[in-house]
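J.: Okay, here's the structure, questions in a sec.
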Amino acid sequence: MTIDFLDIRFDMIWNYKELFIRGIWVTLGLTVIGYLGGIILGLFLGMGKLSKRKWIYYPCKYYVDFFRGTPLLVQILLIHLAVIPSIFGHSLGYFVSGATALLLNCGAYNAEIIRAGIQSIEKGQTEAARSLGMPSGVAMKNIILPQAFRRMVPPLGNELIALLKDSSLVTVIAANDLLYAGKVVAGAYSRFWEPYITVAILYLMLTFVFTKVIAYVEKRFSNSYVPSQRRRIFTFGRS
Amino acid sequence: MIKIEGLHKSFGQLEVLKGIDYEVKEKEIICVIGPSGSGKSTFLRCINLLEDITDGAVFINGLKVNDSGTNINEIRKDVGMVFQQFNLFPHMNVLNNITISPRKIRKMNPKEAEQLAVELLEKVGLADKAKSFPEQLSGGQMQRVAIARALAMQPKIMLFDEPTSALDPEMVKEVLDVMKQLAFEGMTMVVVTHEMGFAKEMGDRVLFMDEGKLVEEGTPDAIFNNSTNERTKAFLSMVL
Ligand SMILES: Nc1ncnc2c1ncn2[C@@H]1O[C@H](COP(=O)(O)OP(=O)(O)O)[C@@H](O)[C@H]1O
Ligand SMILES: [Mg+2]
């Protein structure tokens, strides 16, 4: 067996460039839809897990436990081959199945991040808000969530990167994602170095871009709430 | 104005308030003193239902606070509270800290709310800090903003839970001065405090609490100078 570095043929990648470009779009689409949906879902699940009402708490808890406790690959297959056909009588295509599975899965992980973020805000904040006559929903929206959000930014960023990579699992339902493009080329030429290296590099480029975006957001939401650059952190004495 | 009847509060097995009866009249300044852990904060927090009440009742202007038919948010509009740890909203500047509840809860329009905030900031001597953020303020300034924030709801009663205990000594006076001014203006106040000077000077009544009970109640003179109660005397001998 030889690994023939000198005989690398990227021309065959070039021949399939449309497939790879489409793969990038599909991967991006799945990731963005799954992630944004997962944030909204995670917000409800996370707050549900903080509810004192048992009929809210337990469904949210079991949902999160299920989606965190089973492999995403299994969830994708279940949704694509069982859940969606049972509900609609037929498949809705790989994209709907894939996006749904990623969204439902991401929602469970985000729920834990959001719950922990909300819980990390000092109790005194809620008490001050409530003592001013704010109903709990108003206090949550105006006082707790804006503060909790900052603490959620780094872990939610990690979640985005993780989801981008995990989205490659939809390849099993023949979704035309980035990994699938590599598989097609590999099958067509019976060569593995070029297509999978290409796929890896393209994923790396995507994670790089996402990392930059996350770093920017994190910087915007860094420690201090004071908008100006030159700020006094703590000043004593009378005004 | 505030009527407390047979107030009991337990945290699980721990009984923290063991039956308290008291009535606060309009414009009275009530100072609550007592050793740490005696239940002073819990007593105060039961008044605006930050702690739910195990047994007994609290009435504010005749409305029972711990009644499922009572909208507690309505009552809280009339009861301001100032905390030991200030609890300012760190993500908002001073102005927004003050205007948020009038805007969201009293449905005041932003212009009016801002004007009110400016007036209140002048009152607490921080007119120049409207655009500052809490992290840019000293402890004394933060507490004065917290008082202004509570006043912005135009409450009829103010509750203070050791408002100067977290402050460096040199900042205590600026906060007490604001409280005194408020007292002179006729605010009804319940003040948990370790500032015996304030209690003596400003209190209409002084309440001494120990181990979840209201041990003794009277004018500052009766409590500080003429108490015959052993526990009161023991406590005062330690703090005075
Ligand atoms: N949320 C709580 N859970 C359990 N115990 C509490 C809680 N809050 C207060 N306690 C207990 O109740 C007692 C009285 O506390 P507190 O009212 O804060 O006293 P004080 O303000 O007089 O120092 C203390 O023993 C304290 O540990
Ligand atoms: Mg206390």
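J.: Tell me, please, whether a residue that is at the interface with chain A (Cβ under 10 Å from one of its Cβ atoms), within 16 Å of ligand 1 (Cβ to nearest atom), open to solvent by 40 Å² or more (accessible area, probe 1.4 Å) and touching a residue at least 12 places away in the same chain (Cβ under 8 Å) can be found in region B:73-88.
T.: Scanning region B:73-88, I find at least one residue that is at the interface with chain A (Cβ under 10 Å from one of its Cβ atoms), within 16 Å of ligand 1 (Cβ to nearest atom), open to solvent by 40 Å² or more (accessible area, probe 1.4 Å) and touching a residue at least 12 places away in the same chain (Cβ under 8 Å), so the answer is yes.
Matching residues to (1) modelled with pLDDT under 95; (2) in contact with a helix residue (DSSP H, G or I) (Cβ under 8 Å, 6 or more places away or on another chain); (3) within 14 Å of chain B (Cβ to nearest Cβ):
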position	(1), (2), (3)
A:L163	no, yes, no
A:A186	yes, yes, no
A:L202	no, yes, no
A:L206	no, yes, no
A:Y225	yes, yes, yes
A:R230	yes, no, yes
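J.: Take the conditions open to solvent by 50 Å² or more (accessible area, probe 1.4 Å) and in contact (Cβ under 8 Å) with a residue 24 or more places away in the chain and apply them to A:R191. Does it pass?
T.: Details: open to solvent by 50 Å² or more (accessible area, probe 1.4 Å): yes; in contact (Cβ under 8 Å) with a residue 24 or more places away in the chain: yes.
Yes.
J.: Can you tell me which of B:E51, B:E112, B:E26 is acidic (D, E), within 15 Å of ligand 2 (Cβ to nearest atom) and either more than 8 Å from chain A (Cβ to nearest Cβ) or in contact with an Asp or Glu (Cβ under 7 Å, 6 or more places away or on another chain) (or both)?
T.: On the way: B:E112 fails: within 15 Å of ligand 2 (Cβ to nearest atom); B:E26 fails: within 15 Å of ligand 2 (Cβ to nearest atom).
Exactly one of B:E51, B:E112, B:E26 is acidic (D, E), within 15 Å of ligand 2 (Cβ to nearest atom) and either more than 8 Å from chain A (Cβ to nearest Cβ) or in contact with an Asp or Glu (Cβ under 7 Å, 6 or more places away or on another chain) (or both), namely B:E51.
J.: What number of residues within region B:54-72 are β-branched (V, I, T) and either touching a residue at least 40 places away in the same chain (Cβ under 8 Å) or away from chain A (no Cβ under 14 Å) (or both)?
T.: Looking only at that region, the number is 3.
J.: Which condition from (1) open to solvent by 20 Å² or more (accessible area, probe 1.4 Å); (2) farther than 22 Å from B:V24 by Cα; (3) hydrophobic (A, V, I, L, M, F, W, C) is the one that B:A222 breaks?
T.: For B:A222, the failing item is (2).
J.: Going through region B:190-230 one residue at a time, which ones are aromatic (F, W, Y) and under 19 Å from B:G6 (Cα atoms)?
T.: Scanning region B:190-230 gives a single hit, B:F208.
J.: Can you find a residue that is open to solvent by 40 Å² or more (accessible area, probe 1.4 Å), under 28 Å from A:M140 (Cα atoms) and free of Cβ contacts under 8 Å to residues at least 40 places away in the same chain anywhere in region B:24-43?
T.: No, region B:24-43 contains no residue that is open to solvent by 40 Å² or more (accessible area, probe 1.4 Å), under 28 Å from A:M140 (Cα atoms) and free of Cβ contacts under 8 Å to residues at least 40 places away in the same chain.
J.: Go through (1) away from ligand 1 (no atom under 15 Å from the Cβ); (2) over 21 Å from B:V178 (Cβ atoms); (3) surrounded by 15 or more Cβ atoms within 10 Å (Cβ to Cβ) for B:D67 and report which single condition fails.
T.: Looking at each condition in turn, B:D67 falls short on (3).
J.: Could you name every one of the helices (runs of 4 or more DSSP H) located completely within region B:122-240 that has at least 2 residues being within 16 Å of ligand 1 (Cβ to nearest atom) and in contact with an Asp or Glu (Cβ under 9 Å, 6 or more places away or on another chain)?
T.: Hits in region B:122-240: B:230-239.
So that you can scan it fast, the table gives a plain yes or no per residue for (1) more than 30 Å from B:Q143 (Cβ to Cβ); (2) touching a residue at least 12 places away in the same chain (Cβ under 8 Å):
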residue	(1), (2)
A:C60	yes, yes
A:L72	yes, yes
A:L92	yes, no
A:A111	yes, yes
A:Q119	no, yes
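J.: Scan region B:10-22 and report the pairs whose first residue is away from ligand 2 (no atom under 16 Å from the Cβ) and whose second residue is not β-branched (V, I, T), with Cβ atoms within less than 6 Å and a gap of 6+ or a chain change.
T.: As it stands, the answer is B:K18/B:G212; B:K18/B:K213; B:G19/B:G6; B:G19/B:H8; B:D21/B:E5, since those pairs meet every condition given.
J.: State which residue is farthest from ligand 1 (Cβ to nearest atom) when the search covers only region B:2-21 and only residues that are at positive phi and in contact with a strand residue (DSSP E or B) (Cβ under 9 Å, 6 or more places away or on another chain).
T.: Kept after step one, since they are at positive phi, are these residues of region B:2-21: B:6, B:12, B:19.
In the following step, the residues that additionally are in contact with a strand residue (DSSP E or B) (Cβ under 9 Å, 6 or more places away or on another chain) were identified as B:6, B:19.
Numbers: B:G6: 18, B:G19: 15 Å.
So the residue we want is B:G6.
J.: Right, another one. Looking only at region A:141-161, which residues are away from every other protein chain (no Cβ under 14 Å) and buried (at least 17 other Cβ atoms within 10 Å of the Cβ)?
T.: A:L156, A:G157, A:E159, A:L160
J.: Report yes if B:E230 is open to solvent by 10 Å² or more (accessible area, probe 1.4 Å) and within 16 Å of ligand 2 (Cβ to nearest atom), otherwise no.
T.: Judged against the criteria, B:E230 is not a match.
J.: Here's another thing I want to ask about it. Scan (1) open to solvent by less than 40 Å² (accessible area, probe 1.4 Å); (2) outside any strand (DSSP E or B); (3) within 14 Å of ligand 1 (Cβ to nearest atom); (4) of a type outside the set (S, T, Y) for the single condition B:M92 breaks and write down its number.
T.: So the condition that B:M92 fails would be (3).
The values are calculated or read from the model by the stated rules, or taken from the named source; none is laboratory data. Note that the coordinates shown come from a computational prediction; the quantities given were computed from them, not determined experimentally. Here Cβ is always computed from backbone atoms with ideal geometry, including for glycine, and neighbour counts include all displayed protein chains. These area figures cover heavy atoms from the full protein model, side chains too; ligands, DNA and RNA do not enter into them. Shrake-Rupley method; radii C 1.70, N 1.55, O 1.52, S 1.80 Å.
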